[in-house]
Every structure is written in structure tokens, then in C-alpha cells.
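The values are calculated or read from the model by the stated rules, or taken from the named source; none is laboratory data. A quick note: this is a predicted structure, and the numbers were derived from the prediction, not measured. Cβ atoms come from the backbone with ideal geometry, glycine included; neighbour counts cover every protein chain shown.
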Amino acid sequence: MALRAAEWHKLPTSLTELCIDTTLRCGQSFRWRKSAEGEWSAALHGRILSLRQDPQYLHYRVTYPSITTTLPTPPLSNAPSVAPEEDDTLALAHLMKLGFGYRAKYIAKTARIVSEDKGLKWLEDLSNPEYPQFGVEEKPAGDMLEGGREGYRKAHEELLALHGVGPKVADCVCLFGLGWSESVPVDTHVWQIAQRDYRFGKGKHSSLTAATYVAIGNLFRKLWGKEAGWAHSVLFTADLKAFSERVIAKVEVKEEEVVIKKEDEETVMETAVKEVTKRKRIKKEPLLDEGPIVQVKQEPTRRSKRQRV
């Protein structure tokens, strides 16, 4: 099928507002692929969306399929298929080969339950109505409580009933897939952030218990309300070494030092002015040829003032 590519358009969006190289590499945007020319592309609602960026603009275009007189039948739909039992065995073997270990059987079983027994309607009913799917009317999602809105709590509970799904995985699905932005996926790393930066029960617990998990989520929801999940994501990402080393500012400092000494019958006051410039890396994508993170330059000068005793 031939494709029809539209012209490039642009939005006035600077890198300080949005950096697609950082955003689309964050691990939560699974469909995007970057070409050798620096162009990001993803399939979305039957079309291909392409993005590229310069310091002042975000450029985008949409590629549509061409119109045909007949709809071609996908070859896969007419190909010989295996029985469900054989299909499960093949899926399990493939997942084991990919390194999922004991989780392989959970993934295969849960994927079949969601796709065949539960269905898409089940997932749509669990989604946040304030952020509906494409073409669906927006609806209110209810009042925000300590443990989140009622719809979020229901979605989390139903996801926990799936084979092999724990609290964190359920919260990841709620936040990134179902639109419940108050969902806070907690692991030991997030627990350490809560202890270090928000004085959350430091030293009281030696392990991440179920009660601690809930308490950390409630703490974040108390701080950031309905956006607690996205605030958690910012904190988590900023704490990663790959990102934290790229957020540094430029600082210029002037220091003065007064030295008093006697020469014959005169007291000499000397003020040494030392200019210190610290150049630190700003937020940007890592480069292989980056120089030192900090450079210090000192240019001392002296001013003397003589005072007769």
C-alpha cells in the first residue's frame, strides 16, 4: 500500500519547554522509534506521526495510507494457526528465551485472560473518563480522596486480581495506561526518595511492606493531588544518574579577602579580590565528547589602602 506524506508543520516550542529526545526515551513511550536522521516516528490511529526538533520549533507531519478500491486481507488471517494449547506453549518458550524466567507463565496467562476473557471493553471501563480514548466524550471522574478517586481504586483492585500482577504493576497500568494520574508506583527506589527528601518514616521500616506502600502513595497524593503519579515520575527520573548529571547551572562568584599588615609606621590594608567562575553542564542530551563537568577559573587582583597610625 502506498503512503501519502503530508508537509512538515511546526509549533513554537523550545527545548526548555519540551525535549522529545528526553521525553520519548523515558521508557513509557513504547511505540516511538528514532531514525538515523534524528526523526521520531510512531503509528497512531491508522497513520504515522513523525516528529523532529530544533532549538525553537517542534516539527511534525502525518503520513496517511493511500485510498484503495478494495481492502487487502492480511496474510496472517488466512494462514494456518495452532491450537490455543500449542500457542500457549510457544508463547511461554519465547518469553523464557527473552529472559523473563518464572514471570513468563504469568505474562502468557494474564495476556490471554485480558485479550480473550476480559476484552477491550473491560479496560475501557477501568479507564479515567476525564482522559477518554480518541473520539470518546470526556466525563468527570469523581472527588479526590486520600487513597485516590473511586475509579482509580476500583481499577487497581481489579488489576490485582490478575495472575501475577502486584501493587506496583497495577499502579503502572493505572498511571500509564488507564489515565489515573494519582496512581503512584512504589518500589525501593521511590521508597528511598520518600525517606531522603520527604522525611517519610526514616529508619522505622527495614523492608517495603504493603502498609508502607500505601502510605507512600498517600503521602505523594497529599503533596500533589491528582498529579501525584506524574510528580513521582519526575522525581524518579531526576534521581537517575543518566539524567541528574545533566542538570547543572553556571555560577560566577567574587570573593574578597582583607589582609592587614604593618609597614614601618603605617598600617596597610590589602583587599584581595578573587573572581571564581564555575561552568557547569546544563540540561542536554549526553555527548561522547563532553568535557569536564566543572571548570574553575581564578583571576586574583589586589587593592591596597594605606592608613597612617
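List of remarks:
- Top-ranked residue of the stretch 37-65 - restricted to ones that are closer than 18 Å to T16 by Cα and out of contact with any Lys or Arg (no Cβ under 8 Å at 6 or more places or on another chain), ranked as surrounded by the most Cβ atoms within 10 Å (Cβ to Cβ): Q53
- The set of residues in the stretch 164-197 that are among the acidic types (D, E) and closer than 17 Å to L223 by Cα comprises E182, D197.
- Some residue of the stretch 107-126 being surrounded by 11 or more Cβ atoms within 10 Å (Cβ to Cβ) and touching a His at 6+ places or on another chain (Cβ under 6 Å): yes
- Single unsatisfied condition, S181 versus (1) within 20 Å of A238 (Cα to Cα); (2) surrounded by 12 or more Cβ atoms within 10 Å (Cβ to Cβ); (3) out of contact with any Phe, Trp or Tyr (no Cβ under 8 Å at 6 or more places or on another chain): (3)
- Among the residues of the stretch 10-41, the ones that are under 18 Å from the mean Cα position of the chain (by Cα) and of a type outside the set (F, W, Y) come to 18 in all.
- Residue check for F200: modelled with pLDDT of 65 or more and part of a loop (DSSP other than H, G, I, E, B): yes
- Among the residues examined, S29 does not qualify as more than 20 Å from F176 (Cβ to Cβ) and either at pLDDT 85 or above or not aliphatic (A, V, I, L, M) (or both).
- Wholly within the stretch 72-179, helices (runs of 4 or more DSSP H) carrying at least 2 residues that are modelled with pLDDT under 90, among the hydrophobic types (A, V, I, L, M, F, W, C) and not assigned by TED's automatic domain parsing to the domain that holds V214: 84-97
- Scanning the stretch 29-67 for residues that are among the charged types (D, E, K, R), under 14 Å from H9 (Cα atoms) and not in a loop (DSSP other than H, G, I, E, B) yields R52, R61.
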